[in-house]
1. As an exercise, take the mean of 1/r over every pair of distinct alpha carbons in the range 109-226, invert it, and state the Kirkwood radius in angstroms.
2. Considering only protein heavy atoms, with the full assembly of protein chains and a 1.4 angstrom probe, order I271, I307, I139 by accessible area, largest first.
3. For the range 135-211, run through the GluC sites (Glu not before Pro) and keep only the ones in DSSP coil with at most 11 other Cβ atoms within 10 Å of their Cβ.
4. Using 7 Å Cα-to-Cβ label points, what is the Q253/H106 separation (nm, one decimal)?
5. Divide the volume of the convex hull of the Cα atoms of the chain by its number of residues and quote the answer in cubic angstrom per residue.
6. For W260, W25, W102, W120, give me the order by solvent-accessible area with a 1.4 Å probe, most accessible first, ignoring ligands, DNA and RNA.
7. Please report, as a whole percent, how much of the solvent-accessible surface of the chain comes from carbon and sulfur atoms (probe radius 1.4 Å).
8. Would you mind checking which residues have amide H under 5 Å from A161's amide H? H placed 1.01 Å from N; only 5 or more apart, or other chain.
Amino acid sequence: MALIATTDGPAEWLEREFPEHCCQWHSTGVLRGIELLLVHQTQVDLPLLHRLPDLKGVIRLGVGYDKVDLNACLQRGVSVTNLPGYCTEEVALSTLAFVMDWVRGHGELEANLKVDPARWQNHLLARVRGLKDVRVGVIGAGRIGSKVMQLAATLGFQICAYDPHVSVPEGRVDRLETLLQTADVVSLHVPLQAETAGLIDAAFISQMKDDALLINTARGGLLGDVNALLDGIRHRGMSACFDVLPEEPDIAQSPLFQHWLQGTYAGRLRITPHNAFHSAQSAEQLLADARQELVHFLQNGTFVSPIL
Ligand code: NAI
């Protein structure tokens, strides 16, 4: 009988739902018989695969699969799937919440008020504008990027998107530079892979408008040059909202985290703890989607939507 294990996923759920297949995970040694592995934050690489000689499939309990070495899995003939779509609305809403907060200047107004109560009824925040004057630019117009565009357009923002790999029905720009130079809000919704790692570099930042907002709810590894970003915030009035950090989960030494902690940049740097995906509904949906893939694999030996 095929055995299923999880390194850092919902072990109790697995035991309840698949009692006859479920087996316990051990963090050392060779584990025979495990054919299916559920992973959350675990790095799936050659050393892990060596410990699992009977492995046939990996389910990444989430959307991004940058921690899974696809080449290693391919070499070993291990199929891989992720769970796309369980939190599209949540991440899009988190992004829009960042946009709305920035448009109304809440972070900055609060920070200014904290240092000087005399700023009550102070209306000097020049960049506070109406919806129609703000252009929201999305990099990566997949599930989440498209939803952000749809919500932003419904609210009355101008929208545009850069994605060389898919067709974009509205607001497509053919060059990344065009988006960076014209958008007031730049929001990243691309996967972390060789093509996108370190995308936010000095050239990227220098092409953004002064006063613009950069949002990253995708992956910390997209940030290539933190100093360029901090310079932009310090000297050009830029703002940044990050739900993900390059150093996570060990964020204590992260320069962005440190500046945020110290309250530098008067509310123009906001950080949330990789939480954009979360809601009671998305947590349920994640398990429902995992169940569907597990059952399909047990019955057919393949995933419903394999990456590999
Ligand atoms: P998706 O696969 O539907 O869309 C990604 C889009 O990026 C695709 O349309 C692709 O063509 C495009 N793309 C790839 N390389 C590009 C490039 N160099 N320039 C422009 N576009 C490019 O993925 P989805 O569901 O929209 O998720 C996007 C990312 O969001 C995930 O890969 C994941 O890393 C992140 N994420 C973060 C969460 C959080 O809680 N913070 C939760 C869920 C996803």
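1. 15.4 Å
2. On the way: I271 25, I307 55, I139 5 Å².
So, going from the largest accessible area down, we get I307, I271, I139.
3. Values: sites: E170, E177, E195; in loops: E170, E195.
Of the GluC sites (Glu not before Pro), the ones in loops of the range 135-211 whose Cβ has at most 11 other Cβ atoms within 10 Å are E195.
4. The modelled label-to-label distance comes out at 3.4 nm.
5. 147 Å³
6. Ranking W260, W25, W102, W120 by accessible area, largest first, yields W120, W260, W25, W102.
7. Carbon and sulfur together cover 52 percent of it.
8. V138, R172, V173
The values are calculated or read from the model by the stated rules, or taken from the named source; none is laboratory data. Quick caveat: nothing in here was measured; it's all calculated off a predicted structure. Note that we place each Cβ from the backbone using ideal geometry, even for glycine, and neighbour counts take in every protein chain shown. The accessibility values were calculated without ligands, DNA or RNA, using every heavy atom of the protein model including side chains. Shrake-Rupley method; radii C 1.70, N 1.55, O 1.52, S 1.80 Å.
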